[in-house]
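Participant: Quick one: the structure is below, and I'll ask about it shortly.
The values are calculated or read from the model by the stated rules, or taken from the named source; none is laboratory data. Keep in mind it's a predicted model, so treat the numbers as computed, not measured. Here Cβ is always computed from backbone atoms with ideal geometry, including for glycine, and neighbour counts include all displayed protein chains.
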Amino acid sequence: MTAIAAPELPVARSFAGKQARSFARFARTQPLGTFGLTLVVIIVFVAVFGEWLVRSDPDALSNDILRSPNAKHWFGTDHIGRDYYSRVVSGARITVALAVIAVAIGFGIGTVLGMASAWALGWFDLFFQRVIDALLALPGIILALALVAVFGRDTHVLILILTLLITPGVTRFARGTALSLLNEPYIEAAQALGAGTPRILLRHLLPNLLPSVAVVVTTSVGGLLLVSAGLSFLGLGVQPPTAEWGKMLAEGRDYYLHAPYLAIFPGVGLSLAVLGVNLFGDAIRDVWDPRLRAL
Amino acid sequence: MTAYIIRRLLAVPVVLLMLSLGVFFMIRAIPGDVVDLKLERTYTPERAAALRAHLGLDQPAYKQYPKWIGGVVTGDFGDSLVTGQPVIDEIWRRLPITLELGLMTLFMSLVVGIPAGIIAAVQQNRISDQALRLVSIIGLAIPTFWLATLVIVIPAVTVGWSPRFGYIEFVDDPIANLKQFALPGAVGAMGFAAILLRLTRVQMLEVMRQDYVRTARAKGLKEFTVLGRHALKNAMIPVVTVVGLSLAGLVSGSVFLEQIFSLPGLGRYAVQSVQSSDYTAIQAFVLLIGIVFVLVNLIVDLLYAVLDPRIRYS
């Protein structure tokens, strides 16, 4: 009997090559999404490497007050002589940091709670989902104002607020998706093979649940950015002297007539960030599951 | 569907109970002693005792909650910690301003968003469709408070024009009253018009593929009649619900717009109350908004079930 040569499996090709090809396809079919991703990458880059990009200490005062953009101060200076370019650049950091932390916590907790609710059902599910209803009933900004009233104005409170804004929606979506996945034949098969609860939840349910939850989380990041900058604009979020785009827009309000450039740069930064995550979120939602295309 | 409606109705009191408990325990959740925080340097034992009694902190929660909720049911939300006046009076006084702003915003978004969505759908993938979609994508990304800032700053710097600040009552000067809402209304409408445009476009595209639209065309109806009578009517079903749910967006928008355009409405009151730690005002505000939204969500859900009988609820 002659040995049969094992056929060369296509799977054996390099993982990196496969990733590059699927990215190329994404770039070809989703030009707007790719543009959005580019914006997100740029803003994250600025957030991470901001220290090397700034031209002076963003919080340093100087006698150059309300100077229009010039060679020394690319974006001009604010009412207490701080270099506006450096402040806009360092504003990316807090924006990205807040979004990343809130998304990470909300994604984690929301997925776990949603899964637990779908698995437990019964009284726990019934009760827990009404708590979620109550949280979802309030417009985000009202919930945020109430939490600021209780816990004060602080960056930690802002993180709590953003987390509380994103988690209920994620939980509700994860529960719904988990409920339908639990009806899939492969779950039944795993049960028939004697798999225990942890194994079913972690090995069979979770890997199938995560991608669609991730997509929904991505599409909600834009709203989070707007709430966090909005609260800071109202003076209830990030506190001075930290440079934050929403707060910079509020700080400049008394000087806009003489220094209109103060109203431009932080707003551009914030809008580009929201535009980037919105476009990217829409694109991966379309690619992942066209049925989710609600709005 | 009856079972669905009953279940949906039964959930309402439970959610309202949760909401009221959350709002009630708000004051008790404040880290540290509220009374110390509130009084600071004006602290005397008598004042502290009075404030404690005022906030109902002198009694255990299980005794205080029924008393508080009893007051709420009869419209007594307590007195403001800042003015000493009943909070509900202030809310009633400010409500019309926020309502007028909300209606103005809603009207403008509907007038712009829905026709734009229909045009984009009819002209699918042509230049006008692409342009409208681009505008709506950008419209969704620009924060309300930035746009509001720009519409004040740009005319002021370029042509020296700025809107009048200071609120004018409708009874004093109806035209000036409506005029002062036009600019904030338009700013607030942008984001919402963008959402309506996208939704109307998607729904129209979906409906225009249906057989009954082809039938309407085949029997020789004018394109206008086909679009208006047959397509639009059905495309509007999800739009109706989104308009209901958009109330949340209108409330959020009003918080910023009233702040920037100096309109003494509810949104401004909420921000002021947070800034001055007027806890009773915040409690009343959160609870009332919560109740309104629980009911709005209920109506939207029921409306959806009635409007679209294809949806089955098991």
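Participant: Restricting to segment B:192-212, what's the tally of residues that are over 21 Å from the mean Cα position of the chain (by Cα) and either within 14 Å of chain A (Cβ to nearest Cβ) or not in a loop (DSSP other than H, G, I, E, B) (or both)? Lay out the reasoning, then the answer.
Facilitator: To start, the set of residues in segment B:192-212 that are over 21 Å from the mean Cα position of the chain (by Cα) comprises B:201-212.
Next cut, either within 14 Å of chain A (Cβ to nearest Cβ) or not in a loop (DSSP other than H, G, I, E, B) (or both) only: B:201-208, B:211-212.
So the answer is 10.
Participant: Scan segment B:231-274 for residues that are within 20 Å of B:Arg201 (Cα to Cα) and surrounded by 24 or more Cβ atoms within 10 Å (Cβ to Cβ) and jot them down.
Facilitator: Looking only at segment B:231-274, we keep the residues that are within 20 Å of B:Arg201 (Cα to Cα), and these are B:231-246.
Hits for segment B:231-274 are B:Ala231, B:Ala235.
Participant: Sticking with this structure for a sec: Tell me which residues, restricted to segment A:244-268, are within 19 Å of the chain's Cα centre (by Cα) and surrounded by fewer than 21 Cβ atoms within 10 Å (Cβ to Cβ).
Facilitator: The one that is within 19 Å of the chain's Cα centre (by Cα) and surrounded by fewer than 21 Cβ atoms within 10 Å (Cβ to Cβ): A:Val268.
Participant: Determine which member of the set B:Trp92, B:Trp146, B:Trp68 is of a type outside the set (A, V, I, L, M) and under 30 Å from A:Ala283 (Cα atoms).
Facilitator: Values: B:Trp92 fails: under 30 Å from A:Ala283 (Cα atoms); B:Trp68 fails: under 30 Å from A:Ala283 (Cα atoms).
Sole residue among the options that is of a type outside the set (A, V, I, L, M) and under 30 Å from A:Ala283 (Cα atoms): B:Trp146.
Participant: Could you tell me which residue of segment A:127-163 is farthest from the chain's Cα centre (by Cα), considering only residues that are more than 11 Å from chain B (Cβ to nearest Cβ), closer than 29 Å to A:Leu206 by Cβ and surrounded by fewer than 24 Cβ atoms within 10 Å (Cβ to Cβ)?
Facilitator: A:Leu160
Participant: Further question: With respect to B:Ala284, is the statement that it is farther than 20 Å from B:Val23 by Cβ and either under 12 Å from the mean Cα position of the chain (by Cα) or not polar (S, T, N, Q) (or both) true? Quick ask: steps written out before the conclusion?
Facilitator: Details: farther than 20 Å from B:Val23 by Cβ: no; either under 12 Å from the mean Cα position of the chain (by Cα) or not polar (S, T, N, Q) (or both): yes.
Against the criterion (farther than 20 Å from B:Val23 by Cβ and either under 12 Å from the mean Cα position of the chain (by Cα) or not polar (S, T, N, Q) (or both)), B:Ala284 does not qualify.
Participant: For A:Ala92, indicate whether it is closer than 30 Å to A:Gly176 by Cβ, of a type in the set (Gly, Ala, Ser), touching a helix residue (DSSP H, G or I) at 6+ places or on another chain (Cβ under 6 Å) and at pLDDT 85 or above.
Facilitator: Numbers: closer than 30 Å to A:Gly176 by Cβ: no; of a type in the set (Gly, Ala, Ser): yes; touching a helix residue (DSSP H, G or I) at 6+ places or on another chain (Cβ under 6 Å): yes; at pLDDT 85 or above: yes.
Answer is no for this residue.
Participant: In the list A:Ala259, A:Ala283, which residue meets the criterion of being within 21 Å of A:Val89 (Cβ to Cβ), modelled with pLDDT under 90 and more than 8 Å from every other protein chain (Cβ to nearest Cβ)?
Facilitator: On the way: A:Ala283 fails: within 21 Å of A:Val89 (Cβ to Cβ).
Answer to the check: A:Ala259.
Participant: Pick out, from segment B:243-308, the helices (runs of 4 or more DSSP H) lying fully within it that include 1 or more residues that are in contact with a Gly (Cβ under 7 Å, 6 or more places away or on another chain), more than 9 Å from chain A (Cβ to nearest Cβ) and in contact (Cβ under 8 Å) with a residue 60 or more places away in the chain.
Facilitator: Details: elements: B:247-260, B:266-275, B:279-307.
Counting at least 1 such residues, we get B:247-260, B:279-307.
Participant: Filtering segment B:139-157 down to residues that are under 24 Å from the mean Cα position of the chain (by Cα) and more than 7 Å from chain A (Cβ to nearest Cβ), which residue is surrounded by the fewest Cβ atoms within 10 Å (Cβ to Cβ)? Before you say what the answer is, go through the steps one by one.
Facilitator: First pass over segment B:139-157, keeping only residues under 24 Å from the mean Cα position of the chain (by Cα): B:139-152.
Next, only the ones that are more than 7 Å from chain A (Cβ to nearest Cβ) stay: B:139, B:144, B:147-148, B:151-152.
Values: B:Gly139: 20, B:Thr144: 24, B:Leu147: 21, B:Ala148: 23, B:Val151: 18, B:Ile152: 22.
This residue is B:Val151.
Participant: Moving on to the next point. Could you say whether any residue in segment A:286-295 is among the aliphatic types (A, V, I, L, M), surrounded by 24 or more Cβ atoms within 10 Å (Cβ to Cβ) and not in a helix (DSSP H, G or I)? If you could, list the steps in order and put the result at the bottom.
Facilitator: Here is the first cut: in segment A:286-295, the residues among the aliphatic types (A, V, I, L, M) are A:287, A:292, A:294-295.
When the remaining residues are screened for being surrounded by 24 or more Cβ atoms within 10 Å (Cβ to Cβ), the result is none.
The answer is no; no qualifying residue exists.
Participant: Which residues, counting only those in segment B:40-74, are exposed (fewer than 10 other Cβ atoms within 10 Å of the Cβ) and at positive phi?
Facilitator: Result: B:Glu40, single match.
Yes/no matrix, rows are residues, columns are (1) in a helix (DSSP H, G or I); (2) modelled with pLDDT of 85 or more; (3) over 23 Å from the mean Cα position of the chain (by Cα):
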| residue | (1), (2), (3) |
| --- | --- |
| B:Asn177 | yes, no, no |
| B:Gly185 | yes, yes, no |
| B:Met190 | yes, yes, no |
| B:Arg214 | yes, yes, yes |
| B:Phe224 | yes, no, yes |
| B:Gly228 | yes, no, yes |
| B:Ile237 | yes, no, no |
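Participant: So the check is Cβ under 6 Å with 6+ separation or different chains; which pairs have a first residue in segment A:214-243 that's more than 19 Å from A:Leu145 (Cα to Cα) and a second one that's in a loop (DSSP other than H, G, I, E, B)?
Facilitator: Qualifying pairs under 6 Å: A:Pro241/A:Asp59; A:Ala243/A:Pro58.
Participant: Check A:His73, A:His79 and return the single one that is crowded, with 20+ Cβ neighbours inside 10 Å and in a loop (DSSP other than H, G, I, E, B).
Facilitator: Working: A:His79 fails: crowded, with 20+ Cβ neighbours inside 10 Å.
Going through A:His73, A:His79 in turn, just one is crowded, with 20+ Cβ neighbours inside 10 Å and in a loop (DSSP other than H, G, I, E, B): A:His73.
Participant: Given the condition assigned to a loop (DSSP other than H, G, I, E, B) and facing chain B (nearest Cβ under 10 Å), answer yes or no: does some residue in segment A:211-233 qualify? I'd like the intermediate steps shown before the answer.
Facilitator: Step one: list which residues in segment A:211-233 are assigned to a loop (DSSP other than H, G, I, E, B), which gives none.
Looking through segment A:211-233, none of the residues is assigned to a loop (DSSP other than H, G, I, E, B) and facing chain B (nearest Cβ under 10 Å).
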